[in-house]
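The values are calculated or read from the model by the stated rules, or taken from the named source; none is laboratory data. Owing to the predicted nature of the structure, the values given are computational and were not obtained by experimental measurement. Because the Cβ atoms are built from the backbone with ideal geometry, glycine has one as well, and the counts that use them run over all protein chains shown. Ligands, DNA and RNA are excluded from the accessible area calculation, which covers all protein heavy atoms including side chains. Shrake-Rupley method; radii C 1.70, N 1.55, O 1.52, S 1.80 Å.
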Amino acid sequence: MGAAETAVDVVVIGAGFAGLVAARELGRAGHEVLVIEARDRVGGRTWTDRRLGHDLELGGTWVHWVQPHTWAEMTRYGREIVRSPAVEEAYWLGAGDEPRRGGLEDFMALIEDGQQRIVDDVRDAIPRGVDPTTGAIRSLDALSIQDRFDEIEMSDEARSANESVWVGHVNAPLDQVGLSSALRWTAATGGHWQLMHEASATYRVVGGMSAWTARIAEDVPGGIRLNTLVTAVSEEDGLAVVETEGGERITARRVISTLPVNAISGIRFDPPLPEAWHRASSETVASQGTKVWVKVRGSIPRFFAYASQRHPISVLKSEYPGTDPDGSEHTVLVGFGPDHTRVDVTDLAAVQAAVDALRPGLEVLEATAHDWMKDPLSRNTWMTHRPGQLTRDLRDLQEPSGLVHFATTDNANLWGGFIDGAIESGLREARRVGDSLTAARTER
Ligand SMILES: Cc1cc2nc3c(=O)[nH]c(=O)nc-3n(C[C@H](O)[C@H](O)[C@H](O)COP(=O)(O)OP(=O)(O)OC[C@H]3O[C@@H](n4cnc5c(N)ncnc54)[C@H](O)[C@@H]3O)c2cc1C
């Protein structure tokens, strides 16, 4: 080994939830672990940042007690939840895209039939949420969410509303997203779409995601090397060799990659990645949308608004009331759209037009976002599969390849795409790597 080399038991690439949890578990089991993270912070696709006068979650935000891996970590770190504001008004589009206003119960009555029929066969499709590739899903996986909507008779008004609700869930045009996402997440909530909605967008973590991931990072023995981009992983003399952009070589007995499917091509693997990884990363998963934060003038009734999947912002809701230093009041809204290229937060006139389309009468003051799709370290928001990808690839993506293991929410069973899935995958691969290191020691 050359002088510039470091040797450890396990290198974990990436300090998002999957990497932090995997490294903590392995470290606590007595293995020497080094976490290498390209960003200047931990947390990956969760990130709390001070913007528009508030601590905003630019990535993952909402958690729920029906997400078992998330909730175990919440308990472990003493995290509390706070409810995002309950709404007083609902907005949606009527005939000719005319904005309509009503109460929560009016909107729920409008979408109820469509939401139920999208997932009516969930019990047959995925009888056990923890096993999302077993059941009738095998024959349904070729369908997109749009295919399913197109089979259902409904008014234009109900269609726009129902479709935007699903854009809010899957962050992409519905014809590009597998029906599998709707079915697997509803299976994770026992078949109840209302609970699935609550689980995915209701309760925030008090103190923010970044404070939570910083706390997990404190429990990673050996620490975390930030600002270090991994460029290559190869194998030499029965060891993995991890190379960084700075020219460092780190040898390890095992490597855990936590890179999302869409970003894994940023690392050169030799031997090359297994076929499933190669195929999925060249195809990319379906997520391609945006999450934007918008500050508007005044204190306004708490609302949510749904446009259609044709609109740059399909879903908008009030999240934080606030007061500026000069005493004037404002409200910060959070919005979601299916295509990240269609909302430019630096163009306030465009943001104003996008807001006007679904919630008229507001004055946009500022807007901000992080473009996770352009970010080379993610190229992905929250993972949703394209039609066919779930049953074709999931099992293969979970398998180690030589000395390299893969932990990412993108290959989780239960809440794939969510924070819960990241934690599940981190726990799974920590166990497998620990077992294989112990077995190798026993053999010697
Ligand atoms: C806008 C948005 C909203 C979301 N909303 C929710 C929500 O409300 N609830 C929910 O549960 N989930 C939500 N999610 C999803 C959730 O944030 C992710 O599923 C989860 O954080 C993924 O964790 P991970 O560890 O699998 O991946 P990541 O967090 O992506 O971690 C991978 C890490 O690897 C690092 N990395 C990448 N390439 C390299 C390299 N070459 N060298 C070194 N390091 C590298 C990255 O910087 C990153 O830190 C949302 C995500 C986004 C983007």
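Under conditions of 4 °C and 1.567 mPa s, the chain yields 58 µm² s⁻¹ as its translational diffusion coefficient, taking Rh as the Kirkwood radius over Cα pairs in the Stokes-Einstein equation.
Which value at 222 nm does the chain reach when only helices count, each DSSP H run of 4 or more adding -39,500 (n - 2.57), with the total divided by all residues and rounded to the nearest 500 deg cm²/dmol? The helix-only estimate for the chain comes to -10000 deg cm²/dmol at 222 nm.
Placing unit charges on the Cβ atoms of the charged side chains and taking the dipole of the stretch 105-195 about its Cα centre, the candidate lying farthest along the positive direction among Ser155, Gln194, Gly135 is Gly135.
The relative contact order of the chain comes to 24 percent, based on Cα pairs under 8 Å that sit 6 or more residues apart.
Note on the chain: dipole from Cβ charges, positive end direction compared against Leu229, Ala305, Ser180; the farthest Cα belongs to Leu229. Straight-line cross-link reach from Lys317 at under 22 Å between alpha-carbon atoms covers these lysines, not counting any fewer than eight positions away in the same chain: Lys291, Lys295. Taken about its Cα centre, the chain carries a charge dipole of about 900 debye when Lys and Arg each add +1 at the Cβ and Asp and Glu each add -1 at the Cβ.
Taking 0.36 nm per residue of separation and subtracting the Cα-Cα distance, what length does fully extending Arg215 through His192 add?
Length gained, Arg215 through His192: 5.0 nm.
Entry comment: accessible area of the chain is 38 Å² per residue, from protein heavy atoms only and a probe of 1.4 Å. Across every pair of non-identical alpha carbons in the stretch 108-171, the mean reciprocal distance, once inverted, gives a Kirkwood radius of 12.6 Å.
Gyration tensor over the Cα atoms of the stretch 252-324: the corresponding equivalent ellipsoid has semi-axes (square roots of 5 times the eigenvalues, largest first) of 42, 17, 8 Å. Packing order of peptides 149-162, 115-128, 30-43, highest average first: 30-43, 115-128, 149-162 (average count of other Cβ atoms within 10 Å over each peptide's residues). Each 5 Å bin from zero up to the one holding the largest Cα-Cα distance in the stretch 68-145 carries the following percent of pairs: 3, 11, 12, 12, 11, 14, 18, 15, 4, 1, 0. Percent of Cα pairs in the stretch 313-440 per distance bin of 10 Å, from zero to the largest separation: 10, 28, 25, 19, 12, 5, 1.
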